[in-house]
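Working notes for the structure below.
Derivation of every value follows stated rules applied to the coordinates shown; laboratory data play no part. Just so we're clear, the structure is a prediction, and the values are computed from it rather than from any experiment. Here the Cβ positions follow ideal geometry from the backbone for every residue, glycine too, while neighbour counts run over all protein chains shown.
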Amino acid sequence: MFRRALPLTILSSVIAAFTVSLVAENDNSVVVYSSEDQVCSEPILHDFEHDSGIRVNAVYDKEAAEQVMKRLLAEKDNPQADVYWANEPIHPDLLKEKGISTPYFSANAQKLPAIFKDSDGYWTAFSARARVLLANNPEPLQPTSLEAYADAQWKNRAVLANPLLNTTGFTLTALFQLWGDERAQKFMARMKNNGVKFSPGNGDSADAVAAGKASFSLVDIDDAFAANAKSPNVQIIYPDQQKNQIGLFLVANAVTLIRGGHHPDNGRKLIDYLLTPEVQRKLAYSPCAQTPLLAGVETPERVKRIENIKYMNVNYSAIRKKFDTLKPTFASWASSLAR
């Protein structure tokens with residue numbers, strides 16, 4: 001179903017009729033599937049359409065629905081998309097493994113830190129949601145590290161979103177990668193013994209803190225700002241920023257070119273556009289409050305620049321593979337918290 005008229009055509013994200021081409025192969029258009037929040041990605045695609053003269057056909061996903069990813073997998077032998085704009089780099093890495101994407105080394109990616117791009121050119125990250133601590137302001141002490149979850153001074157006072165959700169699961173998996181299995185498993189046991197509360201999602205966690213039902217929670221930065229808009233009694237903390245700490249986890253947006261797409265040249269042009277400093281600046285000022293991954297890009301006061309953040313030095317591809325093996329552990333752990 002079309003939600004609005006051209007120039008920007010928005011298609012339903014419901015999986016249906018995989019074999020029906022969205023556009024003709026020789027027209028001046030590009031098909032992009034996006035799991036990035038529509039409120040943030042749609043204005044960017046509007047601007048690209050206006051600046052380039054290339055018509056954008058966009059399929060948007062709902063948060064955590066992963067319908068566009070399922071569609072990409074189902075369309076492997078008859079691809080309809082040219083570009084996938086993901087709200088994290090884990091799924092683009094899976095598309096690489098499945099042979100659904102194809103390499104593209106954009107000149108605009110050269111200055112990005114190495115951890116934010118696939119070494120073989122299959123995906124490139126360009127902005128990120130910071131995973132931050134949202135704390136209740138009236139508390140006399142504030143947490144400054146993820147390890148506060150296991151600190152006795154916050155016993156029964158912290159909340160954590162479902163670890164089977166991507167952002168929480170990826171963050172915990174990063175701890176396994178950086179600390180090793182033994183230390184990470186002990187940390188999870190200590191969290192459980194410290195009475196960490198279970199929450200269905202990041203938004204629920206943020207709301208619990210804003211309502212004074214919890215002292216702090218780990219959430220995406222946009223959820224933290226949404227909670228702050230509801231209540232002035234919260235504080236947003238970038239965790240683990242000291243020299244001997246691991247830094248915060250960045251959930252990086254990533255873009256990939258789909259193998260066999262009908263408009264590969266226009267797909268490359270769109271990727272080039274998304275990797276520009278100006279797009280990263282726009283996403284920083286958007287409701288998603290994303291951190292540009294290029295140094296020196298202007299941000300609003302509430303969003304720190306990448307050069308002023310200590311972030312986890314992780315391998316996103318390894319996180320994807322490790323997360324799959326840890327899902328049973330996370331499921332069992334979450335079940336024990338929910339009781």
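Please report, in whole Å³, the volume per residue of the convex hull around the C-alpha atoms of the chain.
Values: hull volume 46.3 nm³, N = 339.
About 137 Å³ per residue, rounded to a whole number.
Would you mind ranking 127, 119, 335 so that the residue whose beta carbon has the fewest other beta carbons within 10 Å leads the list? List each step's numbers first, then the result.
Working: 127 28, 119 7, 335 10.
So the residues, fewest neighbours to most, are 119, 335, 127.
Over the range 112-193, one equal point on each Cα, no solvent: what is log10 I(q)/I(0) by the Debye formula at q = 0.13, 0.21, 0.23, 0.26 Å⁻¹?
-0.55, -1.11, -1.23, -1.38
Quick check on the range 173-292: what does the Kirkwood estimate of hydrodynamic radius come out to from the alpha carbon pairs, in Å? It would help to have the intermediate numbers written out before the result.
Numbers: mean 1/r = 0.0570 Å⁻¹.
Evaluated on the range 173-292, it is 17.6 Å.
Only Cα pairs within less than 10 Å get springs; with that Gaussian network setup on the chain, which residue of 78, 162, 57 has the largest fluctuation?
78
Considering only Cα-Cα distances, which of the following residue pairs are longer than 27 Å: 117/304; 243/304; 117/310; 70/186; 62/96; 192/213?
Numbers: 117/304 21 Å; 243/304 18 Å; 117/310 18 Å; 70/186 35 Å; 62/96 23 Å; 192/213 18 Å.
Table pairs above 27 Å Cα-Cα are 70/186.
Among DSSP beta bridges whose residues both lie in the chain, state the antiparallel percentage, nearest 5. Don't skip to the answer; put the middle values down first.
Details: 23 of 42 bridges.
Of those bridges, close to 55 percent are antiparallel.
Treat the count of other C-beta atoms within 10 Å as a stand-in for reagent exposure and order 60, 285, 104 from fewest to most.
Numbers: 60 24, 285 14, 104 19.
Ranking 60, 285, 104 by Cβ neighbours within 10 Å, fewest first, gives 285, 104, 60.
Return 258, 237 ranked ascending by Cβ neighbour count within 10 Å, so the fewest neighbours appear first.
Details: 258 25, 237 19.
Placing the least packed residue first, the sequence is 237, 258.
Of 216, 279, 331, which is farthest towards the positive pole of the range 207-339's charge dipole, taken about the Cα centre with +1 and -1 on the beta-carbons of Lys, Arg and Asp, Glu respectively?
Most positive-ward Cα: 331.
Classify the range 30-135: rounded, prolate or oblate, from the alpha-carbon gyration tensor (a ≥ b ≥ c, eigenvalue square roots; a/c under 1.5 rounded; otherwise prolate if a/b is larger than b/c)?
Details: a/c = 1.15, a/b = 1.08, b/c = 1.07.
Rounded.
Less than 9 Å Cβ to Cβ from residue 246, Lys/Arg counted +1 and Asp/Glu -1: what total charge do the surrounding residues give? Write out the running numbers ahead of the final one.
Details: positive: 310; negative: 240.
Net of charged neighbours comes to 0.
What value, in deg cm²/dmol to 500, does the helix sum -39500 (n - 2.57) over DSSP H runs of n ≥ 4 give at 222 nm once divided by the residues of the chain? Show your work: numbers first, answer last.
Working: 10 runs with 121 residues, N = 339.
Result for the chain: -11000 deg cm²/dmol, rounded to the nearest 500.
Around residue 195, under 10 Å between beta carbons, what's the net of Lys plus Arg minus Asp minus Glu among the other residues? Could you put the intermediate results ahead of the total?
Details: positive: 155, 157, 192, 197; negative: none.
Around residue 195, the charge tally is +4.
Tell me the net charge near residue 299. Cut-off is 12 Å between Cβ atoms, residue 299 excluded, with +1 for each Lys or Arg and -1 for each Asp or Glu.
On the way: positive: 281, 282, 302, 304, 305; negative: 298, 301, 307.
Taking every Cβ under 12 Å from that of residue 299, the sum is +2.
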